[in-house]
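Read through the structure below, which is laid out as structure tokens, and then see the notes.
The values are calculated or read from the model by the stated rules, or taken from the named source; none is laboratory data. All of these numbers come straight from a predicted model, not from anything done at the bench. As a convention, Cβ positions derive from the backbone with ideal geometry for all residues, glycine included, and neighbour counts pool all protein chains shown.
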Amino acid sequence: MSVQDEIKKQVTSNKVVLYMKGSPDFPQCGFSANAVNILRACGVNEMFTVNVLENPEIRQGIKQYANWPTIPQLYVDGEFVGGSDIVTELYQSGELQKMLQS
């Protein structure tokens, strides 16, 4: 299975997927911590996370998959939502909560 196929499977097999640095309990960067905190504030208890620091192929592949240069990257229902700044904006506007409820 190619890295792109693996990413596609992860993204489409789970409702909420976060590619991040570290883990939800031990984020390795402030942006990843911000994304986790926002998801938790939205009531997301179950999310599929991928620590890109443990897998350089996924770390590079996810940037190509979404054509997005930074990490974290959030996917909901198989769709790319955005990075930390976009997730923050969507949360503040209430849009992220709507996405997560559907």
Count of region 61-72 residues which are exposed (fewer than 15 other Cβ atoms within 10 Å of the Cβ) and touching a residue at least 12 places away in the same chain (Cβ under 8 Å): 2
Tally of residues being out of contact with any helix residue (DSSP H, G or I) (no Cβ under 8 Å at 6 or more places or on another chain), surrounded by 14 or more Cβ atoms within 10 Å (Cβ to Cβ) and of a type in the set (Gly, Ala, Ser) across region 3-28: 1
Tally, over region 55-77, of residues that are out of contact with any Pro (no Cβ under 6 Å at 6 or more places or on another chain) and either of a type in the set (A, V, I, L, M) or assigned to a helix (DSSP H, G or I) (or both): 13
Condition met for residue 86 (touching a Ser or Thr at 6+ places or on another chain (Cβ under 7 Å), among the β-branched types (Val, Ile, Thr) and at pLDDT 95 or above): no
Just to be sure, is residue 80 modelled with pLDDT of 95 or more, assigned to a helix (DSSP H, G or I), at negative phi and not hydroxyl-bearing (Ser, Thr, Tyr)? no
Candidate set: region 73-102, residues that are in contact (Cβ under 8 Å) with a residue 24 or more places away in the chain and touching a Leu at 6+ places or on another chain (Cβ under 6 Å); chosen: the one surrounded by the fewest Cβ atoms within 10 Å (Cβ to Cβ): 87
Return yes or no: is residue 92 within 9 Å of the chain's Cα centre (by Cα) and either at pLDDT 95 or above or among the hydroxyl-bearing types (Ser, Thr, Tyr) (or both)? no
Residue, surrounded by the fewest Cβ atoms within 10 Å (Cβ to Cβ), within region 31-59, restricted to residues that are more than 13 Å from the chain's Cα centre (by Cα) and touching a residue at least 40 places away in the same chain (Cβ under 8 Å): 43
